[in-house]
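The values are calculated or read from the model by the stated rules, or taken from the named source; none is laboratory data. Only a predicted model underlies this, so the values are computations on that prediction, with no experimental measurement involved. Positions of Cβ are generated from backbone atoms using ideal geometry, with glycine treated the same way; all protein chains shown enter the neighbour counts.
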Amino acid sequence: MNSPKGENTGARSTGLAAAAARAFALHRAGDSSAMEALVDDVTPLLWHTARSQGADAATAEDVVQTTWLRLVEHSDAITDPQAVLQWLLTTTKREAWSAVRRSRRTVPQEPWDEPPTSDPTGPVKSADPAIATEDAHAARAMWRHVESLPERCQQLLRLVAFVDRPDYSAVSAALGIPVGSIGPTRGRCLAKLRVALLADPSWEVTA
Amino acid sequence: MTPHENQEDVLAEQALDAEDLRALGLIRSHLSLVDPVPFGLGERVKFAMTVASLEAEIAHLMSDSLTASATRATEYDRATTVTFESTGLSIMVTLEPVDRDKVRLRGWVTAPGAEVELRERSRSQEAMADDEGRFVFEQVDHGTVHLLIRRHDEPGTRPVITPGIEI
């Protein structure tokens, strides 16, 4: 995702949910190109949504395509353009979860109840040494802490990392985690992460 | 309540700060590195959406003098020709370099007078096939394009779309 993190400025401060609402309204008004930029902007988030539900790469790709096609098919059924981003996230999550459940032939109660070690989505590739910079090192160290969190928090942080503040609530809601989990306050998952970081002597962080 | 839980409660109620944003940035960096979005997924999604929304028929690639359709040639020293076919239509496309950045796309379709739309990444151009089915787009940017053909000589036919043509 190209969207920079941090302080939002200008049009970006409106977030993906607002961009999705605008694009969808234009699409319904007959602008055939309106959805293209939206596909570029939102697809990374949907990809990580599918992956965080346990879908392997091929399944995740199918799920993302299916979700966008459903949006075209059901465009008349979506009454509130403001809800489009959340609809996309929820549909991706549900599709991915069903696909994973079908492929496992078992029925976990909830995806996050499974032991984290069974998570086949987990990034497995090791980093390319050529780009193993200091930042990549820090990113790997951060990821180890994320992996120590409850599954639900891992899912939330994976997705929140790909959006800016205005979209935190859409992501939380789509995951079924109450609004206000993250933003304006730090929320439970980022607090757990901070506790882990504070307890890590190799990590420089201030409380 | 243990001190540990208490610390977490306190932290949870505090406002997001720069460290949180840094943490999220690092999570994003890590995932982008080890689990990147597959190359071209966005383009494949858009193509599928276009086909679905237009109820278009996808023309099939018949021959391709581009060494491989996926090859993005950086330089054309000769014209290249691609042929597509659908149920009722054949489309031939020839690409010639105009200058460093632009390519001329000449085409021929077995439907004289058909409306031809060239869909580029962020825009589209339109042309009409002449009485012999010829059409031309003089200025095409490098990238993936699709041709969308709507014929008017046979009412009720579905529009035909080509798979991506790498220019």
(message) What are the pairs with Cβ atoms under 7 angstrom where one residue, in the range B:10-32, is buried (at least 19 other Cβ atoms within 10 Å of the Cβ) and the other, located anywhere, is among the hydroxyl-bearing types (Ser, Thr, Tyr)? Sequence gap at least six, or different chains.
(response) B:Ala12/A:Thr185
(request) Give me a count of the residues in the range A:18-68 that are touching a Lys or Arg at 6+ places or on another chain (Cβ under 9 Å) and of a type in the set (Phe, Trp, Tyr). (result) 1
(message) Condition (residue is surrounded by fewer than 16 Cβ atoms within 10 Å (Cβ to Cβ) and among the hydrophobic types (A, V, I, L, M, F, W, C)) applied to the range B:116-125: is it met by at least one residue?
(response) no
(request) Considering each residue of the range B:104-145, count those that are of a type outside the set (S, T, N, Q) and part of a strand (DSSP E or B), and give that number. (result) 22
(request) Please work out which residue is nearest to the chain's Cα centre (by Cα), limiting yourself to the range A:68-91 and to residues that are within 9 Å of chain B (Cβ to nearest Cβ) and surrounded by 17 or more Cβ atoms within 10 Å (Cβ to Cβ). (result) A:Trp68
(request) Only residues that are modelled with pLDDT of 90 or more and over 27 Å from A:Trp143 (Cα atoms): list them for the range A:1-24, please. (result) A:Ala18, A:Ala19, A:Ala20, A:Ala21, A:Arg22, A:Ala23, A:Phe24
(request) Mind telling me which of the residues A:Thr59, A:Thr49, A:Thr79 ends up being modelled with pLDDT of 95 or more and polar (S, T, N, Q)? (result) A:Thr49
(message) For the structure I just gave you, tell me whether A:Ala55 is under 18 Å from the mean Cα position of the chain (by Cα), outside any helix (DSSP H, G or I) and farther than 17 Å from A:Gly176 by Cβ.
(response) yes
(message) For the range A:116-191, give me every one of the helices (runs of 4 or more DSSP H) that falls completely inside it and has 3 or more residues that are at pLDDT 80 or above and surrounded by fewer than 20 Cβ atoms within 10 Å (Cβ to Cβ).
(response) A:134-147
